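Comments concern the structure below.
The values are calculated or read from the model by the stated rules, or taken from the named source; none is laboratory data. Everything numeric in this text was worked out from a predicted model, so none of it was measured. All Cβ positions, glycine included, derive from the backbone under ideal geometry; neighbour counts span all protein chains shown.
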Amino acid sequence: MRRPLTLLAGAALLAPLALTGAPPASAADRYTVTPLEFTVRAGDRSCTVDADLYRPAGADARNPAPAVLATNGFGGSKSDGSTDAIGKAFAERGYVGLVYSGLGFGKSGCLITLDDPAVDGKAASGLVDFLAGTRAADDGTEADFVATDAPGDPVVGMIGGSYGGAVQLATASADRRIDALVPLITWNDLAHSLSPNTTGASRGVSSRTPGVFKWQWTNGFYLMGEGQPLLVPSLDPSRFGSLTCLHFAAEACDTIRLLNSGRYPAAETARMLAYARSVSPVSYLSGVTAPTLLVQGQADSLFTLNEATATYRALKAQGTTAKMIWQSWGHSGGQVPGELDLATGNLETSYVGRRILDWFDRYLHHDEETGTGPEFAYYRDWASGYGTAAALPSPSRTMYLSGDGTLVDSRSEVSRGSRQYTNWLLPSSHSESSLAGLIGLPDPAPYDTKGTHLGWTSAPLSAPLDVVGAPKATLKVVSPTAERVQNSGDAADKLVLFTKVYDVAPDGTQKLVNRLVAPVRVPDVTRPFTVELPAIVHRYEAGHRLRFVIAASDSAYFGNRGIKPVTVVSAPQDTGVLQLPVIG
């Protein structure tokens, strides 16, 4: 089931908690809630931050407690079901909770700066000062009941999702006082998230060639941010930018305008990529030393599993303690029974919930006897419990694209042949309607129109095939039209295509796992290129077939500029290759 954008990506990422087994005492007996305001310096502005302090019963100067800091998802505030739920949940478990409306949201001031570490991260660091006892709230309230590691260094962790996830990494990159992080369903490189290119990655998911504009998701968030006066009356004057960019930092609006223009001129594109990456973890992870438990959703076409994987690998490579969980749900829905669902208060009874509690026990309570679980865990719908591994699976099964449209297991089975498709000026393939849940509309099943795509289908599987991770495809295409214009100086002239893998049942019905596709802007059509598809966790049952597709377009993205026919040629020693990370 798909959830509305405002639920999963914005205001209410996490729903209110009703604790399993909670004592019958009233909330007032278990904790108190105090509204607070803080004036912080963030970037070149002074900003008012609206916060709520959750103080557990019994926490005082002689009995200090560790703290948990959290803020909202995009479009939310301290009072929505997500952020308020975090404060309650951890106060009931003996933590001091400090939850706040992120800059540009709720009653907090200043512009929306996309979790810029120099602005949003610095603002959060000002709240850490309060927890450290080195500053008071604007009304004089002080926190002398938070545990410390040293004078001025509080014991504090952060948790939150999406927009409230990236801000944790932004804060920890500049403030080493943060002791533990739990970012859920967030990004590694915002340039990739909004305009992904799944080939030519030079660092994590980041490609030197600009990607393919994810117009539905991007414009949905932009309209949500610019529509603040409709959502929050009597805004703080510091929330306004200019008549052409009301509530975002100017660079953010410039980025949206460039993406919507359908153009990628070199100089403007370089500025856009530099800005989007400057407000993304890919640019500042080297400063993150806090132990980090990454939780990413399998059903997520906004921030795919590949983004969390890139963050995980970067943290591990630099020696930062990090572990990763691939849960079922993300921005595109995917909630299933038994999974982490804070609406039912199942922290103690869900796998992910227990892992979060253990993470904070270990790094906030400093309980070295508490285990924090395996390096990598993933929800699987074909078996009970989570699958676990000591490392991410690597591609282990190779298949080949034959000239007759089959997907075969050895080069000797490849038939010689060539096949062609031609794009239309309008999208002829569909993976998802990213905002269907937001506006309450049904989302048609994925499809590809005849003549505008090519597919290669395997023989029926003799045994189940379990894929965990990101498939890779190495391809070579022929497109004289694209070749003539690809060096025009505008990257929008380069060839665009989309790759994906379907699960085809014996009756011919097909499933596109989590409706995920890999958008590609081919850097040079005269050379082979390798595509990293979005990671999945999926069992292809015995009797089912795999179908690898190259499509000319997708309705959730901008497509080719002009008509660019594509031919794919196959021969035993020169053909496309599909690699799958198979377990078991």
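The figures follow:
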{"quantity": "Cβ-Cβ under 9 Å pairs, at least 6 apart or on other chains, segment 126-139 side in the same structural domain as Ala65 (by TED's automatic domain parsing) and under 22 Å from Val167 (Cα atoms), far side among the acidic types (Asp, Glu) and part of a helix (DSSP H, G or I)", "calculated": "Arg135/Asp129"}
{"quantity": "Among the residues listed as Ser328, Ser350, the single one being within 17 Å of Gln296 (Cα to Cα), at pLDDT below 95 and assigned by TED's automatic domain parsing to the domain that holds Gln296", "calculated": "Ser350"}
{"quantity": "Residues of segment 25-82 that turn out to be in a strand (DSSP E or B), aliphatic (A, V, I, L, M) and more than 19 Å from Asp138 (Cα to Cα), as a count", "calculated": "4"}
{"quantity": "Failed item in (1) in contact (Cβ under 8 Å) with a residue 24 or more places away in the chain; (2) farther than 16 Å from Thr449 by Cα, with Ser488 passing the rest", "calculated": "(1)"}
{"quantity": "Search result, residues across segment 93-148 that are of a type outside the set (Gly, Ala, Ser) and part of a helix (DSSP H, G or I)", "calculated": "Pro117, Val119, Asp120, Lys122, Leu127, Val128, Asp129, Phe130, Leu131"}
{"quantity": "Residue within segment 212-220 that is at pLDDT below 95 and either in the same structural domain as Asn306 (by TED's automatic domain parsing) or outside any helix (DSSP H, G or I) (or both) present", "calculated": "no"}
{"quantity": "Selected residue (only one of Gly334, Gly338, Gly297, Gly330 is out of contact with any Lys or Arg (no Cβ under 8 Å at 6 or more places or on another chain) and surrounded by fewer than 16 Cβ atoms within 10 Å (Cβ to Cβ))", "calculated": "Gly338"}
{"quantity": "Yes/no for Pro480 being out of contact with any helix residue (DSSP H, G or I) (no Cβ under 7 Å at 6 or more places or on another chain) and over 19 Å from Ala556 (Cβ atoms)", "calculated": "yes"}
{"quantity": "Residue in segment 178-188 that is over 15 Å from Val288 (Cβ atoms) and either out of contact with any His (no Cβ under 7 Å at 6 or more places or on another chain) or at pLDDT 95 or above (or both) present", "calculated": "yes"}
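Okay, residues lined up against (1) closer than 17 Å to Val408 by Cα; (2) buried (at least 21 other Cβ atoms within 10 Å of the Cβ); (3) of a type in the set (Lys, Arg); (4) free of Cβ contacts under 8 Å to residues at least 60 places away in the same chain:
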residue: Leu461; (1), (2), (3), (4): yes, no, no, no
residue: Ala482; (1), (2), (3), (4): no, yes, no, no
residue: Val496; (1), (2), (3), (4): no, yes, no, no
residue: Val501; (1), (2), (3), (4): yes, yes, no, no
residue: Arg521; (1), (2), (3), (4): no, yes, yes, no
residue: Arg527; (1), (2), (3), (4): no, no, yes, yes
residue: Val537; (1), (2), (3), (4): no, yes, no, no
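Residue-by-condition table, conditions (1) in contact with a helix residue (DSSP H, G or I) (Cβ under 6 Å, 6 or more places away or on another chain); (2) within 22 Å of Ala172 (Cα to Cα):
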position: Tyr275; (1), (2): yes, yes
position: Ser280; (1), (2): yes, yes
position: Ser286; (1), (2): no, yes
position: His331; (1), (2): yes, no
position: Leu347; (1), (2): yes, no
